[in-house]
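Taking it in order: structure first as structure tokens, then the write-up.
The values are calculated or read from the model by the stated rules, or taken from the named source; none is laboratory data. Please read these numbers as outputs of a predicted model, since none were measured by experiment. Neighbour counts run over all protein chains shown; Cβ positions are idealised from the backbone, glycine included.
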Amino acid sequence: MTNLQVLKNGDKMRNCIIVCGMHRAGTSLVARLFHEWGVYMGDNLGTPDPANTEGEYENLDFVRLNNVLLQEHGGSWNSPVMCHDSDDRANALIRRYRRKLWGWKDNRTAFTFRAYEEYLQGENILFVICKRRKDAVIGSLFRTHRRQFRKEDRNYKYFSELYDVYYGAINTVSKDYPTLVLHYEDFKARKFFNPLLNHFSEGE
């Protein structure tokens, strides 16, 4: 399987793929797979860093706007708040990057999706939700991102609550759309690709 020319769900073509999950839950891996399989994930994907040596495969224009939206609502990626209103800046990004088969990855979208939703009318959206065990996510976050948290928040309780907030937000914004859930733990067990293959070859 090297190229996804048609993403089908029944008789509808899924042409807009939104990859999200908690940070450190495998979203970069999944976005990279879609990129390599021919889904246009943008042409401003950033560069590898110590936390993601293969690259994060997230469109930096979406990341920047999502950061701005969170900041304007008094939040940040590690202290997020829901953004409920449409935003013309989101429309501009969609108009710039929309293709026949396209998408983006940014976990902040769990909180900013409503800014984009109005302008995605007519798109057949698929949320690809990446999950990983909470303890594994917390351990990875502590190793790679702990300096981005206030000292008083560098503890299991805060990270655990943040994990729950992310997946709660994802469930809220994706509940009216088709979803595909992938589990990070299945990657090493060689079961990771089964949901992808089943979904894209047979539909939901």
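If you check LEU126, LEU162 for being modelled with pLDDT under 95, surrounded by 13 or more Cβ atoms within 10 Å (Cβ to Cβ) and in contact with a Pro (Cβ under 6 Å, 6 or more places away or on another chain), only one passes: LEU126. Do we find a residue being among the hydroxyl-bearing types (Ser, Thr, Tyr), in contact with a Ser or Thr (Cβ under 8 Å, 6 or more places away or on another chain) and at pLDDT below 95 anywhere in segment 51-64? Among the residues of segment 51-64, at least one is among the hydroxyl-bearing types (Ser, Thr, Tyr), in contact with a Ser or Thr (Cβ under 8 Å, 6 or more places away or on another chain) and at pLDDT below 95, which makes the answer yes. If you go through segment 155-173 and keep only what is in contact with a helix residue (DSSP H, G or I) (Cβ under 6 Å, 6 or more places away or on another chain) and among the aliphatic types (A, V, I, L, M), you end up with ALA169, ILE170, VAL173.
Annotation note: Cβ proximity below 7 Å between a residue of segment 74-102 that is of a type in the set (D, E, K, R) and a residue that is assigned to a helix (DSSP H, G or I) and surrounded by 15 or more Cβ atoms within 10 Å (Cβ to Cβ) (sequence gap 6+ or interchain) occurs for ASP85/ARG114; ASP85/ALA115; ASP87/LEU69; ASP87/ALA115; ARG89/LEU65. The residue list LEU126, LEU101 contains one member that is closer than 23 Å to GLY26 by Cα and in contact with a Lys or Arg (Cβ under 6 Å, 6 or more places away or on another chain), which is LEU126. Scanning segment 82-105 finds no residues that are part of a strand (DSSP E or B), touching a helix residue (DSSP H, G or I) at 6+ places or on another chain (Cβ under 7 Å) and at pLDDT below 95.
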